[in-house]
Amino acid sequence: MFEYFENRSSLFWIITGSIFVVGVGVADIVTGSELAFSLFYLIPIVLVTWFSGRILGFAISVASAVMWVIADVLAGQSYSQPVIRYWNAVVRLGFFVVVTLLLPALKALEREKDLARTDHLTGVANRRHFFEVAQAELDRSQRYKRPFTIAYIDLDGFKSVNDQWGHSIGDKLLCAVVNRAKSQLRKTDIIARLGGDEFILLLPETDQDTAQIAVPKIQNTLMDEMRQNDWPVTFSIGVLTCLEAQITTDELIKRADSLMYLVKKNGKNAISYAIYAG
């Protein structure tokens, strides 16, 4: 839903914002001067500024201030001095402008936070964000005594793809891995890129029996993608199911990493499972 609004054109937001302002103004007139509508004038300003930028935000701010004055007049609001009406209008406009100025800064801050938690190439969680999510899952597991599983995935032969076809093809391969893996994951599952050609999955509410069904399905899907593109890459996967949360996030990931390296030592392109029960 959020991406839908992000992709709307400036014309869409001009029309939407204008309709909203007029609608709020009409409601303000109909209800009279006793009911305050100041908060509702902010809604189109916030929407337009957030999704379309400051310039259109300023335009909607002016339109909202003008509509507020019109509603004030038509609602029969009277003042001891005529100049008070226009003073109030200027103050309201100033408030709207301040909101319009602050929102892009807030949006930029939110974007910086997202970038700090996201792998720039594939768009999935990065190592830092995965550790945060894994710690939250550990805490939840400890509280409710529920199992979860992590799967450490290493791409066998990825270096040869980079050497033979270049980094652009290597980047394309990594993005394809993410997209195909996500197609097999639930909304509650997390995929992260730990760096290079290593990925990790967090599968909440997943015991070993369930993991032994889900992880091979993911591996087969990834292998289909490699075959379709003639990429000589396979997948070594270490799968650790956690039944006891008395363990650190670092230790949890190290254990899954060790399982993955056990697969690589024994011929690669396989899955190794283990359970941590304290």
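The values are calculated or read from the model by the stated rules, or taken from the named source; none is laboratory data. Computed from a prediction, not measured in an experiment: that's the story for all the values here. All Cβ positions, even for glycine, are placed from backbone atoms using ideal geometry, and neighbour counts span all protein chains on display. Heavy atoms of the whole protein, side chains included, go into the accessibility calculation; ligands, DNA and RNA do not. Shrake-Rupley method; radii C 1.70, N 1.55, O 1.52, S 1.80 Å.
Brief remarks follow.
- Too-long pairs where the Cα-Cα distance tops 32 Å, listed order kept, from LYS107/LYS254; LYS113/LYS182; LYS113/LYS265: LYS107/LYS254; LYS113/LYS265
- The chain: Rg to Rh, with Rh as the Kirkwood radius over Cα pairs: 1.21
- Farthest toward the positive end of the dipole of region 56-207, out of ALA192, GLN77, ILE169, is the Cα of GLN77, where the dipole comes from beta carbon charges about the Cα centre.
- The trypsin sites (Lys or Arg not before Pro) of region 164-265 that DSSP puts in a loop, and whose beta carbon has at most 16 other beta carbons within 10 Å, are ARG186, LYS187.
- Taking LEU56, LEU74, LEU262 in turn, the Gaussian network model of the chain (Cα-Cα springs below 10 Å) assigns the largest fluctuation to LEU74.
- Multiplying the residue separation of ASN7 and VAL46 by 0.36 nm and subtracting their alpha-carbon distance yields 12.4 nm.
- Summing charges over all other residues whose Cβ lies under 13 Å from the Cβ of THR149, with Lys and Arg as +1 and Asp and Glu as -1, gives -2.
- Surface exposure of the chain, expressed per residue as accessible area with a 1.4 Å probe, stands at 55 Å².
- Entry note: region 207-278 has Rg to Rh equal to 1.04, where both radii use alpha-carbon atoms and Rh is the Kirkwood radius.
- Fraction of accessible area attributable to carbon and sulfur, the chain (%, probe 1.4 Å): 59 percent
- The convex hull drawn around the Cα atoms of region 134-215, when projected onto a plane and averaged over every direction, covers 5.9 nm².
- Exposure check, 1.4 Å probe, all protein chains in place: ARG127 carries approximately 110 Å² of accessible surface.
- The modelled label-to-label distance between ASP171 and ARG128, using points 7 Å beyond Cα along the C-beta direction, is 2.1 nm.
- The charge dipole of the chain, taken about its Cα centre with unit charges on the Cβ of Lys, Arg, Asp and Glu (plus for the first two, minus for the last two), comes to roughly 120 debye.
- q = 0.12, 0.15, 0.17 Å⁻¹, region 7-100: log10 I(q)/I(0) [Debye, one scatterer per Cα]: -0.36, -0.54, -0.68
- Taking 0.36 nm per residue of sequence separation and removing the Cα-Cα distance, the THR248/TYR261 pair yields an extension gain of 2.7 nm.
- Near-label residues of region 163-207 by backbone N, under 20 Å of a point 7 Å along Cα→Cβ of ASN269: 163-165, 170, 173-174, 176-178, 180-181, 197-199
- Computed from Cα atoms alone, the Kirkwood hydrodynamic radius reported for region 149-278 is 14.9 Å.
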